[in-house]
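Engineer: Could you have a look at this structure, given as structure tokens, before my questions?
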Amino acid sequence: MAYPTLRGYALLALAAATYIAARIVGTWELYLFAFAFLAAFVLSWLSVIATGRKLSATRVIMPERPVAGDEPELVVTLKNASLLPGPELTLRNQLGGMSEDELEIEVEGMAPRGTQVLRGYTGRVNRGVHIVPRAEVVAEDRLGLSRSLHKISEPLTVTVLPRIVRLDSCALYPDIGLRHDWNGRQGLSAFGASEFRGIRPHQPGEPLSHIDWKSTAKTGNLMIREMDEPAGADVTLLLDGTADRLQGEAPDSNFELAVRVAGSLADYVLRANRGVSLLCHERTWRQHRLTADGNGRRALLQALAETKPNAGGPLVNALRHLRTDGPYLLHSQSITVVSISVDRHLVRALHQLQDDGAKLAFVYISGGGFATRASGEKSALLPFLPPSPQSDDPREASATQSGSTHASGTLSPETRALLMSLSTSGIPCLTIERGDDLARRLSLTQRTRRSGAV
């Protein structure tokens, strides 16, 4: 679609005025000027249309799978298939929900049959699988008389992975430890990293760090204590995606924080050579079986990138589904529920699962800190970083969400009582709030707790 610019409209008005003057005065030279002005506009209009339709572009994101909070590079390969030189171009990239910013790249011109590679950086990207709309190019002739708008690329699908925390120990799994990581480093020290297999004679060349000195003293020969990774069953993680419990907006919401917590816990378990069953409470029930290898970690990040808080029913429905359709999961070593809501029905369902023999842990993501933010407020920091001492902590404001928080983001008495009932029944509970340091809150070696956490 081509249309005149302000300068183009002015030239058309000048051509019309010159033509009228020629009619009044009767001077033929004025007719020439009028037609010359009109011809200049028509030629610019036709050149913009002819070259704009011959433009095409392909786009890629570098890296291909960015992490939430990154500012990836958008690489655009622009081609001019016309035999005419390209006009001045403005390439517009609407990034949709991937980023709040719009990326515009200006091109002064293109050679006939030419190709240019354009690069630009997006704003900070949000977790999720995003469909970036087709790129638009605004072509303008050199005189600035006319413009045309064309869509010149196909939609681009971009998967933005969640940013998770790397843990070396976990308060919810004190009996699970690490033996390796995906970079090949061995011997990460953690609690409960191995189990005793037996004692055997030392072989030449073996390290002396595993010598059992009591057996050596009894037998008079060097004896080795053999240790194995515990062969327990998989860990089950249930991620709450109840739509009406969502507080805040992506990327700064209680659900995004829950995704980061679930991803950090699952990554820790996978690196401890355990399998993970990830259950996503969404509009459609989804279950992912993740193996303790690099493929399992990649599948974990992909599953968390795709998850959405669109479940119509409460989390208690997922727990009932777990009891009826997935009884084999109750025999897992642990079932950890990462929830953005807590109520009496949910607590009752957790107690029923405990009575069925499940070993449970409960992580509550408090929404108070997200609910108190002003609707137009923009955080100067990434949502996964703790607030700086100079910035205003949103939890200092008055929270109005009934049944979940009081002022200053602390838990309401009702919520605190529900969590205490879980804790006293032997279900480990952990409360995570906006701005918490996840590495410290989830670690087994944490020394301090924030006020209001359970």
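Read-outs: derived from the displayed coordinates by stated rules, not from any lab. As the structure is a computational prediction, the values presented were derived from the model and not from experiment. Please note: Cβ atoms are built from the backbone with ideal geometry, for glycine as well, and neighbour counts cover all protein chains shown.
Engineer: In whole Å, how far is the Cα centre of segment 121-139 from that of segment 1-73?
Structural biologist: Their Cα centres are 27 Å away from one another.
Engineer: Using Cα pairs closer than 8 Å and at least 6 residues apart in sequence, work out the relative contact order for segment 1-161, in percent.
Structural biologist: 28 percent
Engineer: Right, another one. Arrange the peptides 14-20, 144-150 so that the one whose residues have, on average, the most other Cβ atoms within 10 Å appears first.
Structural biologist: Descending mean neighbour count gives 144-150, 14-20.
Engineer: For segment 1-77, state which GluC sites (Glu not before Pro) are in a DSSP loop and have at most 12 other beta carbons lying within 10 Å of their beta carbon.
Structural biologist: Filter output for segment 1-77: GLU64.
Engineer: Another question, then. If amide hydrogens are placed 1.01 Å from N in the peptide plane, which non-local residues have theirs closer than 5 Å to the one on LEU103?
Structural biologist: Residues meeting the amide H criterion: ASN93, LEU95.
Engineer: If you don't mind, another one. Cα centroid distance between segment 270-293 and segment 99-119, in Å?
Structural biologist: Here the answer is 42 Å between Cα centres.
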